[in-house]
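Please treat every number below as a calculation from the coordinates, not as lab data. On a predicted model such as this, the values are computed, not experimentally measured, just so you know. So basically every Cβ, Gly included, is an ideal-geometry build from the backbone, and we count neighbours across all protein chains shown.
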Amino acid sequence: MLHVPDTENARSEMRQFLLAISCLAFVMAALGTKNIAANAFAADIVLVFGGAWCANQLIRGFAVFRQQVICVLQAYFIGVLCCSALLFFIGWMLFLPSEYRNLGHSLLLAATFTTNIGMVFFPVDNGMRFDGLFNHLWIPALIAQCAAILTLLYWKLHKNPTRLLAALAAITVVSLLLSISKSSFVQLLPLGGLWPFMLGALPFIASNRFPILRHAFLLGVINLLTGILLITISGDTLIARALLALGLALLYLGSRSQDFKPELTDQRRRWFGMTLHTFLWAVPLTQISSSLNIYQPDSSDYLYLIIPCLLFAIFSWAVWQTVEQKAGHNHMIISAGVAVVLFINGLIGLATQGAQLRFSTGAMAYIHAIEAPHPSFTCPVATEGPLAGLEVCRVGPPGAPTVLIWGDHQLDALRPGYAEAARRAGVSALLISQANCIPLHGLQTRNSEGSPTAGRNCDQHSAQVLQALPHLPSVRQVTLVGDWLYYTGTRKAELLPRTPVRLGPLDGSPIDLRRQSDYVAEAAAHTVQSIVDHGLRVTVLRQVPAQPKFDAELAARASVPVTWMYLGMPLLSKTVATDYLKQLHAPTDDIFRRLSAMGKLSYVNTWTVFCTDTRCDARGGLSSDYLTSTLLTRTGALSLSPVLADDLSRSQTHVAMRRALDG
């Protein structure tokens, strides 16, 4: 039979075990395994311990609770202030204006314990390298909100323990059921985060009413082992997580010292402060370190970050200890003052965006390019007709569409240009696109695991578009827009490497990576012939000239005060020789020029907008036409609108002969 001695030494050993578990949770939450189950497990542990600590202070009296909470708030605010001071300094040297603005926004949320609310209702991250440096503070924010709910309930119902326990149990069950939803609205807010917090609090509040909780130590071990066995048998289920949470809460209760010793309480608070400050520093330092790597921004060597993280954590912890020792009876005033300073700093960062004057006029063009909303509109999903289930945009004047424009991410970038071109030409058109899916039929697509789009979805998408053509009687022309360099596997077209796509024939034969261009050529001939058989005019938009040594984001970062801190910053150029680009695009140009010479399609030349006889430029005047090596900005897309309008206007003179005869 399991025997757990009820001695102070056993309680001390259990407290050390729980400290190790909490440190593990902080490490998992801070450094991140990028595993949903692991992150959920870490958040559950932190919330359980937060609820247990909060309840433990409440049952000691509101005076003790108030004193302890003020000390914790002081530790939190001073840690965030020290961390934000360093980040604002680093940000002035490295961050782009939008990243600096988002840092200020995050600081505002951190100062008001609303980080989780901001992530759900007011997301500002643009996917830039240094966005989300304070996103990990959603855990302290959630703990603070849950603590406020528990405190309010305890204050209202503590005179009637039965009603209090019933209310807490009901809230726990409802929150546990709601947490089944994977929505961020539920997971990041108290709706789905209350249950581990309340499970941590319930044993403490019920300990004086139920004598069985005197054996909390043993019950905790049983619940913990049961949860682990359940996970082993049935996986990471909600019931298993609840049993683990309850087991940790009971172990926390059983490890509590029977005698109140202020000196031990102060010692534990100092250790908690050290853990909290390490957590506050770990995520920003890890993200900054990894983001400084140009080619691998998602990877980082944690080993080199241990010493800097500990040093910064010790520094901010020492500042907190100094303030706490000299504060006297002014802890509340100091905590409120630091919170106000954080709020003001956040407002300054939000308003100034890191003093944009530090960037030259040329750099501002690239900054405007990457910060501009792109694309300007999104396509709704068709709910009926042959295109049902596809994202379809309508551009041009109202009426039946005469042109169907089918493409991929290149078309996404060209939407503003096509919208303006359709307005100029007075032509109504449909835009259908899916990123990283070649706008051709007769191919099997194999995307890597890192791609957001499955290859089978691409194949189904292309099949549906072709099958829909006979059911769109008003359409006279089909235009194909694609990143042909990407699909043919052309090397040296992109400055930054992209996730590759593999194409092959539909007969199931092994894919030969050396024949990517041949596969595209065969699919192009098959697709164009299928469209021509419906009596439709076919045009293919020549891909805009690539800029192999250009990227707008890197061009902007090359203008920051300390560019040398970036690892692997490449040599950039905004111009390329036209003859070199002709050789680079030759394989894809040959595919469509061959079909054009046979009279099956019109190959629309886009190079006249960006190139002269000798060179092609990534910038047009004071603006940047390119976002990446192959994608255009909104300005670049609009500069193409005369060429696109000329192509669309030709559809008005084309007659679908087969349909006319069939009618």
Report task. For LEU571 and GLN321, compute 0.36 nm times the residue count separating them, minus their Cα-Cα distance, and round to one decimal in nm. Result -> 85.2 nm
Requested in this report: Report the dimensions of region 394-516 along its three principal axes from the alpha-carbon atoms, largest first, rounded to Å.
Outcome: 45, 34, 22
Query raised in the report: Seen from all sides and averaged, what is the projected area of the convex hull of the Cα atoms in region 182-249, in nm²?
Result: 4.9 nm²
**Report entry** Nitroxide proxy distance, nm - points 7 Å out along Cα→Cβ at ASP518 and ALA388
**Finding:** 4.1 nm
Query raised in the report: Could you give the angle, 0 to 90 degrees to the nearest 10, between helix 161-178's Cα long axis and the longest principal axis of the Cα atoms of the chain?
Result: 20 degrees
Query raised in the report: Taking the Cα atoms only, what angle lies between the long axis of helix 97-111 and the longest principal axis of the chain, rounded to 10 degrees?
Result: 30 degrees
Query raised in the report: How large is the helix-only mean residue ellipticity at 222 nm for the chain, computed as the sum of -39500 (n - 2.57) over DSSP H runs with n ≥ 4, divided by its residue count, in deg cm²/dmol to the nearest 500?
Result: -19000 deg cm²/dmol
Requested in this report: Using label points projected 7 Å from each Cα along Cα→Cβ, tell me how many nm separate SER474 and ALA597, to one decimal.
Outcome: 3.9 nm
Report task. Starting with the highest mean, order 633-643, 283-293, 558-568 by the number of other Cβ atoms within 10 Å, averaged over the residues of each peptide. Result -> 633-643, 283-293, 558-568
Query raised in the report: How far, in degrees from 0 to 90, does helix 516-533 lean away from the longest principal axis of the Cα atoms of the chain, to the nearest 10?
Result: 60 degrees
Requested in this report: Determine one quarter of the surface area of the Cα convex hull of the chain, which equals its mean projected area, and express it in nm² to one decimal.
Outcome: 35.7 nm²
**Report entry** In the chain, lysine pairs closer than 18 Å at Cα, eight or more apart or cross-chain
**Finding:** 7
Report task. Could you calculate the contour length gain from GLN296 to LEU496, that is, 0.36 nm times the residue separation minus the distance between their Cα atoms, to one decimal place in nm? Result -> 71.0 nm
**Report entry** Ranked by how many other beta carbons lie within 10 Å on average, peptides 204-210, 550-556, 646-652, 380-386 from highest
**Finding:** 550-556, 646-652, 204-210, 380-386
Query raised in the report: How high is the FRET efficiency from VAL562 to ASP533, r the C-beta distance, R0 60 Å, rounded to 0.05?
Result: 0.50
Report summary line: Per the 1/(1 + (r/R0)^6) rule, R0 = 22 Å and r from the Cβ atoms of LEU311 and PHE89, FRET efficiency to 0.05 is 0.85
Query - Radius of gyration and Dmax over the Cα atoms of region 369-651, both given in Å - result: 18.6, 59
